[in-house]
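Some notes on the structure that comes next.
None of the figures in this text is laboratory data; all of them are computed from the coordinates on show. Since the structure is predicted, the reported quantities are computational estimates derived from the model, not experimental observations. Glycine gets a Cβ as well: all are built from the backbone with ideal geometry, and neighbour counts include every protein chain shown.
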Amino acid sequence: MTHVRVLDTPEALAAALADTFVRYANEAVDARGHFDVALSGGTTPKAAYALLAQAPRRSQIPWNAVRVFFGDERCVPPADADSNYRMASQAFLDAAGVAPENVHRMRGEDDPRQAALDYADLLVTLLGESPRFDLVLLGMGPDGHTASLFPGLDPRTDQEQLVRAVWVQKMQTHRLTLTPAVINAARHVVIAAEGAAKAAMLQTVLTQAPDFIAHPVQCIAPAGGTLEWLVDRAAYAAIE
Ligand code: 6PG
């Protein structure tokens, strides 16, 4: 089931994304005693992340039962300005007091292939043979990528893998990413898209026939879970 919520402003989008995190965190902890979430990188989620570390939401989340993972990572050290782990730590993980042992970053400083294998092993160790996140947060690039599944490479290759090291030609760099198999196993997937720069691609991915190689975000379809798009009016403008 795909649902699209259009929020009037970026601030409303951030609040909706933060409230969604709160809701699914409590749902998971009530049902299973912990909340396993894979965070998105990029800039869109930053405002939502900051809200999670502030009143009132900070006290609405059972942080000691939250286990933090990442949907993708740049192949840089954790202190690098490009690190998604660094962004999330600074945006809310440190302020919310998430125990370091409950924050599981992808080791961007290691050999990419080895880092992918190691993270896959970690997922199996902590989440079981068929890892199922309670929530996967994603963004979408103007080119239709999500996580680090970029156009030009069939995102469904290596479906038996949980984590992949991918070479991103246009960035001339490796990235680490969860595969669609893991993302689509999640109970809930939320994709946030904000701003006019995403409008053309959002119209394409929501209204045109799937082309997973050209628009990898179209392969996000949780088989036994929910998919919700949270977008602001500027990103939705080409559809309205
Ligand atoms: C990353 C993200 C990536 C991001 C999109 C959108 O590592 O950058 O995981 O997939 O979600 O590129 O980025 P913005 O939110 O900055 O537009």
The ³J(HN,Hα) series, computed from each phi in region 46-54 with the Karplus coefficients 6.51, -1.76 and 1.60 at θ = phi - 60°, rounded to the nearest Hz and given as x for glycine or proline, is 4, 5, 5, 4, 4, 5, 5, 9, 10
Amide H neighbours of residue 38 at under 5 Å, excluding residues fewer than 5 places away on the same chain, with H built from the backbone geometry, are 69, 135, 136, 137
Charge dipole of region 166-240 built from unit charges on the beta carbon (Lys, Arg +1; Asp, Glu -1), centred at mean Cα; most positive-end Cα among 220, 181, 167 is 167
A chain fully extended from residue 32 to residue 214 at 0.36 nm per residue, minus the present Cα-Cα distance, gains in nm 61.8 nm
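Dipole of the chain, Cα-centred, from +1 at each Lys and Arg C-beta and -1 at each Asp and Glu C-beta, to the nearest 20 debye?
Values: 20 positive and 28 negative charges, 49 e Å.
Using only the charged Cβ atoms, the result is roughly 240 debye.
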Once residue 124 and residue 156 are pulled to full extension, the length gained, defined as 0.36 nm per residue separation minus their Cα-Cα distance, is 9.5 nm
To the nearest 20 debye, region 89-136 has a Cα-centred charge dipole, built from +1 on Lys and Arg Cβ and -1 on Asp and Glu Cβ, of 120
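Sort 217, 98, 22, 124 so the one with the fewest other Cβ atoms within 10 Å of its own Cβ comes first. Please report the intermediate quantities before stating the final value.
Numbers: 217 28, 98 21, 22 16, 124 13.
Going from sparsest to densest Cβ surroundings: 124, 22, 98, 217.
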Burial-style ranking of 184-193, 62-71, 25-34, average other-beta-carbon count within 10 Å with highest first, yields 184-193, 62-71, 25-34
With 0.36 nm assigned to each residue of separation and the Cα-Cα distance removed, residue 12 to residue 207 gains 67.8 nm
Phi-derived 3J(HN,Hα) across region 155-167 with the Karplus relation (6.51, -1.76, 1.60, θ = phi - 60°), rounded Hz, x for Gly and Pro, is x, 8, 5, 6, 4, 7, 7, 9, 9, 10, 9, 10, 8
Within the set 43, 204, 177, GNM on the chain using Cα springs under 10 Å gives the largest fluctuation to 43
Pseudo-spin-label distance residue 54 to residue 226, built 7 Å along Cα→Cβ, given in nm, is 2.6
Per residue, the convex hull enclosing the alpha carbons of region 1-158 has a volume in Å³ of 137
